[in-house]
Amino acid sequence: MILLWGAPVAAETVLSKYLPDIDISQFVEGADAFGAIRDDIPVVEVLHGSERIGWAYITSDFVSTTGYSGKPIHTLVAIDDDAKVIGVQLVKHSEPIVLIGIPETKVKALVANYRGLDLVEEAESGGTAHQLDIISGATVTVMVIDDNIVRAGLKVARQLGLGGLAVEETNTGPQFEINPDAEASTDWMTLEGDGTLRRLSLDVGQINAAFAAMEDERAGKRALTEAPETTFIEMQAALVSHPAIGRAILGEAVAENIEAWLDEGDHAVAIVGRGLYSFKGSGYVRGGIFDRIFLIQNDVSVRFRDRMHKRINAIAADGAPVFAEADLFKIPADSGFDPTKPFRIQLLVQREVGAIEKVFTTFDLGYQLPSKYIRTVASPPVAEVPTSVAAVTSQSELDAQQALWKKIWLGKKVEIIVLGIMLIILTGVFFFQNLAVRNARGFYWFRIGFLSVTLVYLGWISNAQLSVVNLMALFGSLVSGFSWQAFLLDPLTFILWFSVAAALLFWGRGAYCGWLCPFGALQELLNQVARKLHIPQWTLPWGLHERLWPLKYMIFLGLFGVSLTSIEQAERLAEVEPFKTAIILNFVRAWPFVAYVAALLIAGLFVERFFCRYLCPLGAALAIPARLRMFDWLKRYKECGTPCQTCAHQCPVQAIHPTGEINPNECINCLHCQVLYQSETICPVVIKKMKRRAKDGAGPDLERFVGHPNQTLKIPTK
């Protein structure tokens with residue numbers, strides 16, 4: 001639950017939930033106890049003995065910026081009277097990189113650096129009063145924690161008047177209070193005329209019409225038989241807790257008794273009535289609740305009970321009619337009732353339509369205390385607060401979140417430009433693939449260079465490695481209430497996912513898996529080194545290879561199923577992806593994780609892209625919509641697969657069936673088959689055409705032959 005700044009504190013806050021589990025001695029140096037949580041705002045005293053040395057709060061009670069996971073990062077912070085941070089502790093979060101990956105020592109070091117931070121100075125400097133220590137692989141998480149600590153801290157400081165800040169008054173509009181010096185007439189008719197008394201009058205005809213208009217036809221059939229003009233109920237009300245009104249209607253002695261009956265902050269309303277219908281009924285005798293009337297004021301509602309009730313024995317006002325019922329009802333102080341604002345008494349009218357069935361309708365008696373009984377309270381002078389602090393504390397959550405992601409995007413300008421250039425180049429290669437692959441050697445080195453940039457710059461430097469965790473976070477956001485904010489916090493990941501979504505429609509999953517995945521690039525580059533070192537390459541039998549494909553789909557579906565019940569558990573199980581260890585954390589991790597990655601990379605020396613082929617849940621997730629692509633860019637000859645198997649044998653990931661079809665779910669769009677498609681030394685179709693052209697002496701260039709891929713030729717099988 002997020003409490004908006006300035007709003008009343010609910011019974012359950014994030015602070016009250018997690019405070020019992022906090023070790024105060026580890027949180028704030030020299031502290032030995034917490035005080036009581038304040039009633040108005042969710043902060044708690046930090047004590048040394050009986051002396052208060054600071055205030056503690058949890059950031060998510062004041063700000064709602066979410067982390068990379070799309071969920072709040074609950075950070076406990078303590079500040080002293082100078083608005084300086086004296087303690088920080090990460091209480092609860094769902095950040096995948098911090099759950100498993102970042103060493104605890106790094107997190108503690110990050111937290112410790114905030115001790116001594118002057119929040120007011122931080123705001124006045126525009127966020128440059130301290131050096132933000134970015135943990136590799138957790139940039140977004142660290143920036144969100146930093147933003148939450150500063151913004152929430154300034155809000156707390158401003159509400160408590162810490163650091164020399166004047167306390168801001170939350171109610172800045174005109175304020176009113178009861179005017180005890182007001183006088184009321186003692187004449188009943190005058191009281192009715194000036195609004196001191198308010199009336200609800202209903203006759204039998206109005207009641208019958210109301211029930212006849214209901215959907216239940218039985219209500220109209222049970223109409224009252226009295227004459228339509230017969231008084232069904234005449235009910236009047238007055239706020240007699242105002243001293244002048246109480247004396248005028250009830251007399252001096254009864255008014256004094258009312259004051260003694262009411263506790264501080266309580267109010268009382270007098271309700272009188274006559275007619276066929278009783279506003280009290282008899283339910284209160286059995287259950288202690290007056291079930292026919294209750295008071296409503298905006299979102300405040302008061303149900304009257306027998307302990308809140310007194311009978312009125314006599315009415316003192318001159319000319320008062322004779323009423324069948326006259327009663328007092330107490331409005332408790334803790335109800336939130338404001339006597340200076342309008343309210344209404346709602347009357348519930350019932351009609352029996354069966355042996356034990358009833359239907360109900362309601363009528364309202366509106367009441368507004370006349371202006372002569374209230375007076376304006378002089379507004380306190382506006383608190384003087386530094387402009388920089390006011391800009392932070394008065395900023396809406398939406399504006400603050402937008403400012404944060406814009407700040408992150410501006411700080412990543414170089415990385416965004418580089419990624420944009422890479423995407424433009426790759427798009428050009430795919431659109432003009434015939435031209436791009438014409439020079440086999442040149443294309444080979446272009447691909448090696450591109451993969452090297454992907455690995456080193458996108459992966460190890462920029463940490464732009466997509467993960468199945470992103471997809472689980474997206475699904476969780478869609479279920480719980482989608483917001484762009486969490487996804488915009490990481491610009492490279494956002495741009496990559498947007499590009500992947502577009503690429504799926506044009507080329508399938510291969511645009512990312514084959515070119516932009518840093519771990520995929522690492523596997524392929526290592527395999528190329530292995531080939532240079534003459535490490536033998538294993539080609540799995542087609543039957544076994546084909547049966548290993550479903551493994552990655554089963555892994556993805558398993559992770560997705562777990563995420564439906566526990567996203568945190570799914571993120572832990574997502575360690576089946578080696579991306580965090582190999583790319584985000586640069587192998588600086590506990591040895592079991594490093595050993596796992598090493599085993600995958602060693603397997604990849606013998607079977608190119610071993611992990612991509614059989615285990616990658618992200619590849620499986622991207623492959624599922626791969627068949628939705630609108631175009632089939634990869635050219636094939638009619639002879640491919642029958643009888644020629646050259647492309648199938650040389651495909652780096654064995655994505656080509658023995659019958660010649662390319663499996664779009666497994667293809668990584670490396671374009672090697674398109675290099676072979678134009679090869680004058682490897683492709684039997686092209687070689688055959690070249691020989692025939694040489695024999696015929698025709699002489700048109702090779703490109704015209706490539707333009708007729710469906711020409712039938714007899715190809716030797718060996």
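The values are calculated or read from the model by the stated rules, or taken from the named source; none is laboratory data. Worth saying up front: this structure is predicted, and the values here are computed from it rather than measured. Heads up, the Cβs are rebuilt from the backbone with ideal geometry, glycines too, and the neighbour counts pull from every protein chain shown. These area figures cover heavy atoms from the full protein model, side chains too; ligands, DNA and RNA do not enter into them. Shrake-Rupley method; radii C 1.70, N 1.55, O 1.52, S 1.80 Å.
Some notes on this structure:
- Count of residues meeting criterion [over 24 Å from the mean Cα position of the chain (by Cα) and open to solvent by 40 Å² or more (accessible area, probe 1.4 Å)] in segment 559-588: 3
- Of all the residues in segment 445-456, those that are in contact (Cβ under 8 Å) with a residue 12 or more places away in the chain, over 17 Å from Leu466 (Cβ atoms) and of a type outside the set (A, V, I, L, M, F, W, C) number 2.
- Top-ranked residue in segment 420-453 [being of a type in the set (D, E, K, R) and more than 17 Å from Lys635 (Cα to Cα); ranked as most open to solvent (accessible area, probe 1.4 Å)]: Arg441
- Matching residues, segment 214-230, being touching a helix residue (DSSP H, G or I) at 6+ places or on another chain (Cβ under 8 Å) and open to solvent by 50 Å² or more (accessible area, probe 1.4 Å): Met214, Arg222, Leu224, Glu226, Pro228, Glu229
- Among the residues making up segment 224-266, those that are of a type in the set (Asp, Glu) and part of a helix (DSSP H, G or I) are Glu252, Glu256, Glu259.
- Here the condition is being free of Cβ contacts under 8 Å to residues at least 40 places away in the same chain and not in a strand (DSSP E or B); of Ile315, Ile356, it holds for Ile356 alone.
- Test result for Val456, surrounded by fewer than 17 Cβ atoms within 10 Å (Cβ to Cβ) and more than 27 Å from Lys635 (Cα to Cα): yes
- Highlighted here are the helices (runs of 4 or more DSSP H) found entirely within segment 96-185 that include at least 1 residues which are crowded, with 22+ Cβ neighbours inside 10 Å and modelled with pLDDT of 80 or more: 119-124, 139-160.
- Elements of type helices (runs of 4 or more DSSP H) in segment 623-718, at least 3 residues being at pLDDT below 85 and surrounded by fewer than 16 Cβ atoms within 10 Å (Cβ to Cβ): 684-696, 702-706
- Identification of strands (runs of 3 or more DSSP E) wholly contained in segment 41-82 with 3 or more residues that are at pLDDT 85 or above, buried (at least 20 other Cβ atoms within 10 Å of the Cβ) and touching a strand residue (DSSP E or B) at 6+ places or on another chain (Cβ under 9 Å) yields 51-58, 74-79.
- The one condition in (1) loosely packed, with under 15 Cβ neighbours inside 10 Å; (2) assigned to a helix (DSSP H, G or I); (3) at pLDDT 90 or above; (4) more than 27 Å from the chain's Cα centre (by Cα) that Gln537 fails to fulfil: (2)
- Cβ separations smaller than 7 Å between residues 6+ apart or across chains give no pair from segment 403-414 residues that are farther than 12 Å from Leu488 by Cβ and in contact (Cβ under 8 Å) with a residue 12 or more places away in the chain to residues that are surrounded by fewer than 18 Cβ atoms within 10 Å (Cβ to Cβ) and among the aliphatic types (A, V, I, L, M).
- Single residue of Phe304, Phe360 found to be under 48 Å from the mean Cα position of the chain (by Cα) and open to solvent by 40 Å² or more (accessible area, probe 1.4 Å): Phe360
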